[in-house]
Protein chains: 4
Amino acid sequence: MDSINKLAELFKEFPGIGSRQAKRFVYYLLSRNSGYLENLAKLTLELKRQIKNCSSCFRFFPADAAGAAQCALCRDAARDSASLMIVARDADLEAIEKSHSYNGFYFVLGGTVPILEKEPEKKIRSKALTGLVKKRAAEGLKEIIIAASVNAEGENTADFVAKLLTPIIAQFNIKLSGLGRGLSTGTELEYSDADTIKNALKNRS
Amino acid sequence: MDSINKLAELFKEFPGIGSRQAKRFVYYLLSRNSGYLENLAKLTLELKRQIKNCSSCFRFFPADAAGAAQCALCRDAARDSASLMIVARDADLEAIEKSHSYNGFYFVLGGTVPILEKEPEKKIRSKALTGLVKKRAAEGLKEIIIAASVNAEGENTADFVAKLLTPIIAQFNIKLSGLGRGLSTGTELEYSDADTIKNALKNRS
Amino acid sequence: MDSINKLAELFKEFPGIGSRQAKRFVYYLLSRNSGYLENLAKLTLELKRQIKNCSSCFRFFPADAAGAAQCALCRDAARDSASLMIVARDADLEAIEKSHSYNGFYFVLGGTVPILEKEPEKKIRSKALTGLVKKRAAEGLKEIIIAASVNAEGENTADFVAKLLTPIIAQFNIKLSGLGRGLSTGTELEYSDADTIKNALKNRS
Amino acid sequence: MDSINKLAELFKEFPGIGSRQAKRFVYYLLSRNSGYLENLAKLTLELKRQIKNCSSCFRFFPADAAGAAQCALCRDAARDSASLMIVARDADLEAIEKSHSYNGFYFVLGGTVPILEKEPEKKIRSKALTGLVKKRAAEGLKEIIIAASVNAEGENTADFVAKLLTPIIAQFNIKLSGLGRGLSTGTELEYSDADTIKNALKNRS
């Protein structure tokens, strides 16, 4: 197999990329100058050295010269230590941050729990989560918000996390909540399902 | 113009139907037996005689032998007279009823108010609405729920209705609410807009 | 079931119409004036009386006062009697006529033959076709063009028609042809299948 | 800007990739082991050293130890030197080769000529093309096939190339052809445009 096909095989593993687009990526690279390719290769190679998982929330963050173990967000004293939001992935955390509507801390599960999964505790960072919650509980944590997508796997993950945390929240008297359900931007009432309408009515204001 | 094209012209006025599909409908009718066509023509012809607008909520309902002016829902003594929900169209009312999560009465506006509309009061049943609200207020109405779709025209309609009803709700001390915003069924957190996330956080539980 | 739902049930049988759009059609009719509805009902009712199948090509055509058995196209002496094009449906004939690139006569099969069909001769107007071809053969027919869509059912229909006509075309020395294959408008070479490219090369000019 | 965003910026330049998917690619890389990343970086870096443009047809091909200037296809004595096919890009050439219906040589233009382009000769390999055609003409070239996509830019490119080659093909008595037009795989007759039908009739067989 030549370099074009070898590289196309690697691009084919990218999320959402088929063999045709993978090939197209290679031809695109061939059309660019060496500077672009060297830059791409260098950043790819250094990615894991320059990006670490935060020791507290486990999101990816750029390592600094000082070798901080925690990301800037977890080190931010202005954030509200009474709140912890649990999300599945970094992209979810970013969507929340972009909304500028939350000022507490986070924990990134690193995945979701599929329906009927036999070892759910291995699909997400279960131990790190319970460890962090205990630590935060001692520091004044009052509420945990499980922020999950509204689909079968998201709700299954939320259920598993809730069960996992039950003993701790009972012991420390922490409130456990989920994101509110209702009409989202763009929803047309006529096409809404019963569940969404029921929640939109419950959350009316 | 022959009958095929004349009929196709009429079908072309149906919502969402282009000239090609309109023609296809005519060929479809030509492929059916006379019984089907007679049935279709008869029901079309009798539609307006058999379906009336309810004198109270203005939804369409089948006229009965007794000549009732109100639909079955508005005559249902088991419904909660403390609640009135305002919707744009019959299809919205049907979506709410299918959710089995609301037991009050309704009012169907019969349309929406476009942005920058100069005569908004003419786009919906404004007079009938204020008339009904006054009547229901005297009968113990406690809350009006404006159930609008979450898009520019839906929100504009909700704003206009709220303004229209302000004097009455002030006079009779009626609560005015809208459907709750948040994550709807199928929403993926990663792709949610800031507004939806803000509301989902506000409505968390 | 009330008139709204009864009528919606009939619309649901229209090609490509689901239950939601069927309901929408009924609400649309309720929003129109009586003139439109009466017109729609009248045209529907009279459709089969006013539209006949041409006794020659079997396309639908508007019956006239004189009671002509053949459509205007089959009676047109300016058309070329040396050519007969066989199409599956009226809509195909219309697409050909709109292209202004054919001046012979037509025959409308009234359907297609599904793969593995046990009684293919019953899915299309087999007898009428062979009858017409024999008659036209005596009148100087030189070429039959089978104009089929390029998909499994279209090609299966073309194969069946070719077999059906083999004895007659042999007897009368008629040429049998199919529409040319190649790149159609909008085709991008990169995404073309092998069969299309092979034919495009064969038909290059 | 940190490494995640820097790398996402580079992926955003890939054809068809938006900022969200670019970010997703980076998170995907973070989830893979170092072996995969090193492989990706290495192949990217070496791509231009290992892949050259063929000195004859200008397609990309893997450089070999012997330092051949021409690709395997151009060095293949079994190919028919009487035919030259001109395509816009490598992907077009690959589609033709996959169809196993052409046995001549190729030339890759490296682009297309947009409508109203002021310097069309700079958008494609004009000089290399005329050079190659002259050389092949001396070696027995009989036919040039311009294989363009059937859209405005494809046809404009074909027109420009035809004009560019007019003096040479006149001098050497070379035939100039284009791919045949007609119904392509999957085409439904009912939805075909007039141009496609006209060509399908012309190319009937």
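The values are calculated or read from the model by the stated rules, or taken from the named source; none is laboratory data. Bear in mind that the values here come from a model prediction, so they are computed numbers and not experimental data. Note: ideal-geometry Cβ built from the backbone for every residue, glycine included; neighbour counts use all protein chains shown.
Mind listing whichever residues of region C:168-205 are within 24 Å of the chain's Cα centre (by Cα) and more than 7 Å from chain D (Cβ to nearest Cβ)?
Once the filter is applied, which keeps residues that are within 24 Å of the chain's Cα centre (by Cα) and more than 7 Å from chain D (Cβ to nearest Cβ), region C:168-205 yields C:Ile168, C:Ile169, C:Ile174, C:Lys175, C:Leu176.
So in region B:121-133, with the set limited to residues that are surrounded by 14 or more Cβ atoms within 10 Å (Cβ to Cβ) and of a type in the set (Lys, Arg), which one is nearest to B:Gly154 (Cα to Cα)?
B:Lys123
Across region C:167-191, what is the total count of residues that are part of a loop (DSSP other than H, G, I, E, B) and in contact with a helix residue (DSSP H, G or I) (Cβ under 6 Å, 6 or more places away or on another chain)? Give the derivation first.
Taking region C:167-191 and keeping what is part of a loop (DSSP other than H, G, I, E, B), we get C:173-174, C:179-180, C:182, C:184-188.
Still in the running and in contact with a helix residue (DSSP H, G or I) (Cβ under 6 Å, 6 or more places away or on another chain): C:179-180, C:182, C:184-185.
Selection size over region C:167-191: 5.
Condition first: among the small types (Gly, Ala, Ser), more than 30 Å from A:Ser99 (Cα to Cα), touching a Phe, Trp or Tyr at 6+ places or on another chain (Cβ under 6 Å) and part of a helix (DSSP H, G or I). Can you find one or more residues in region B:87-96 that meet it?
no
Looking at (1) more than 7 Å from chain C (Cβ to nearest Cβ); (2) surrounded by 14 or more Cβ atoms within 10 Å (Cβ to Cβ); (3) in contact with a helix residue (DSSP H, G or I) (Cβ under 9 Å, 6 or more places away or on another chain); (4) within 30 Å of C:Lys175 (Cβ to Cβ), which is the only condition D:Glu143 fails?
If we test D:Glu143 against (1) more than 7 Å from chain C (Cβ to nearest Cβ); (2) surrounded by 14 or more Cβ atoms within 10 Å (Cβ to Cβ); (3) in contact with a helix residue (DSSP H, G or I) (Cβ under 9 Å, 6 or more places away or on another chain); (4) within 30 Å of C:Lys175 (Cβ to Cβ), just (3) comes out false.
Check region A:58-79 and report whether any residue there is in the same structural domain as A:Leu141 (by TED's automatic domain parsing), in contact with a helix residue (DSSP H, G or I) (Cβ under 6 Å, 6 or more places away or on another chain) and among the hydrophobic types (A, V, I, L, M, F, W, C).
no
Can we say B:Asn53 is more than 15 Å from the chain's Cα centre (by Cα) and within 13 Å of chain C (Cβ to nearest Cβ)? Lay out the reasoning, then the answer.
On the way: more than 15 Å from the chain's Cα centre (by Cα): no; within 13 Å of chain C (Cβ to nearest Cβ): yes.
Criteria not met by B:Asn53.
Taking C:Ala137 as the residue in question, decide whether it is touching a helix residue (DSSP H, G or I) at 6+ places or on another chain (Cβ under 6 Å) and more than 10 Å from chain D (Cβ to nearest Cβ). Let's see the steps before the verdict.
Values: touching a helix residue (DSSP H, G or I) at 6+ places or on another chain (Cβ under 6 Å): yes; more than 10 Å from chain D (Cβ to nearest Cβ): yes.
Answer is yes for this residue.
From the list D:Tyr27, D:Tyr106, which one is farther than 19 Å from A:Lys23 by Cβ and among the aromatic types (Phe, Trp, Tyr)?
So the residue among D:Tyr27, D:Tyr106 that is farther than 19 Å from A:Lys23 by Cβ and among the aromatic types (Phe, Trp, Tyr) is D:Tyr27.
Can B:Leu37 be described as within 19 Å of C:Leu45 (Cβ to Cβ) and buried (at least 20 other Cβ atoms within 10 Å of the Cβ)?
Numbers: within 19 Å of C:Leu45 (Cβ to Cβ): yes; buried (at least 20 other Cβ atoms within 10 Å of the Cβ): no.
Taking the combined requirement at face value, the residue does not satisfy it.
One line per residue, one yes/no per condition, for (1) touching a helix residue (DSSP H, G or I) at 6+ places or on another chain (Cβ under 9 Å); (2) in contact (Cβ under 8 Å) with a residue 24 or more places away in the chain; (3) within 14 Å of chain C (Cβ to nearest Cβ); (4) not polar (S, T, N, Q):
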| residue | (1), (2), (3), (4) |
| --- | --- |
| D:Met85 | yes, yes, yes, yes |
| D:Asp92 | yes, yes, yes, yes |
| D:Ser99 | yes, no, yes, no |
| D:Asn156 | yes, yes, no, no |
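Which residues, taken from region D:15-46, are among the β-branched types (Val, Ile, Thr) and facing chain A (nearest Cβ under 7 Å)?
Narrowing region D:15-46 to residues among the β-branched types (Val, Ile, Thr): D:17, D:26, D:44.
If the condition is that a residue be among the β-branched types (Val, Ile, Thr) and facing chain A (nearest Cβ under 7 Å), then D:Thr44 is the only one that fits.
Would you call A:Val161 modelled with pLDDT of 95 or more, closer than 30 Å to B:Arg89 by Cα, under 19 Å from the mean Cα position of the chain (by Cα) and β-branched (Val, Ile, Thr)?
Numbers: modelled with pLDDT of 95 or more: yes; closer than 30 Å to B:Arg89 by Cα: no; under 19 Å from the mean Cα position of the chain (by Cα): yes; β-branched (Val, Ile, Thr): yes.
For A:Val161, the condition - modelled with pLDDT of 95 or more, closer than 30 Å to B:Arg89 by Cα, under 19 Å from the mean Cα position of the chain (by Cα) and β-branched (Val, Ile, Thr) - is not met.
Out of D:Asp159, D:Asp195, which single residue is assigned to a helix (DSSP H, G or I) and outside the structural domain of D:Tyr102 (by TED's automatic domain parsing)?
Values: D:Asp159 fails: outside the structural domain of D:Tyr102 (by TED's automatic domain parsing).
Of the residues listed, the single one that is assigned to a helix (DSSP H, G or I) and outside the structural domain of D:Tyr102 (by TED's automatic domain parsing) is D:Asp195.
Only one of A:Leu141, A:Leu164 is over 20 Å from B:Gly180 (Cβ atoms), in a helix (DSSP H, G or I) and either among the aliphatic types (A, V, I, L, M) or not assigned by TED's automatic domain parsing to the domain that holds A:Tyr102 (or both). Can you tell me which? So that I can check it myself, show each step before the final result.
Values: A:Leu141 fails: in a helix (DSSP H, G or I).
Within the list A:Leu141, A:Leu164, the selection yields A:Leu164.
If you go through region B:102-110 one residue at a time, do you hit one that is closer than 23 Å to C:Val26 by Cβ, more than 10 Å from every other protein chain (Cβ to nearest Cβ) and either more than 19 Å from the chain's Cα centre (by Cα) or outside any strand (DSSP E or B) (or both)?
Applying the first criterion (closer than 23 Å to C:Val26 by Cβ) to region B:102-110 yields B:106-110.
Next, only the ones that are more than 10 Å from every other protein chain (Cβ to nearest Cβ) stay: B:106-109.
Those still in the list that are either more than 19 Å from the chain's Cα centre (by Cα) or outside any strand (DSSP E or B) (or both) too: B:109.
Within region B:102-110, one or more residues are closer than 23 Å to C:Val26 by Cβ, more than 10 Å from every other protein chain (Cβ to nearest Cβ) and either more than 19 Å from the chain's Cα centre (by Cα) or outside any strand (DSSP E or B) (or both).
Which condition number in (1) out of contact with any Pro (no Cβ under 8 Å at 6 or more places or on another chain); (2) buried (at least 17 other Cβ atoms within 10 Å of the Cβ); (3) assigned to a helix (DSSP H, G or I) is the one that B:Arg49 fails?
Unmet for B:Arg49, out of (1) out of contact with any Pro (no Cβ under 8 Å at 6 or more places or on another chain); (2) buried (at least 17 other Cβ atoms within 10 Å of the Cβ); (3) assigned to a helix (DSSP H, G or I): (2).
Does A:Ile115 satisfy the condition of being of a type outside the set (Gly, Ala, Ser), within 14 Å of another protein chain (Cβ to nearest Cβ) and touching a helix residue (DSSP H, G or I) at 6+ places or on another chain (Cβ under 8 Å)?
Details: of a type outside the set (Gly, Ala, Ser): yes; within 14 Å of another protein chain (Cβ to nearest Cβ): no; touching a helix residue (DSSP H, G or I) at 6+ places or on another chain (Cβ under 8 Å): yes.
When the stated conditions are applied, A:Ile115 does not pass them.
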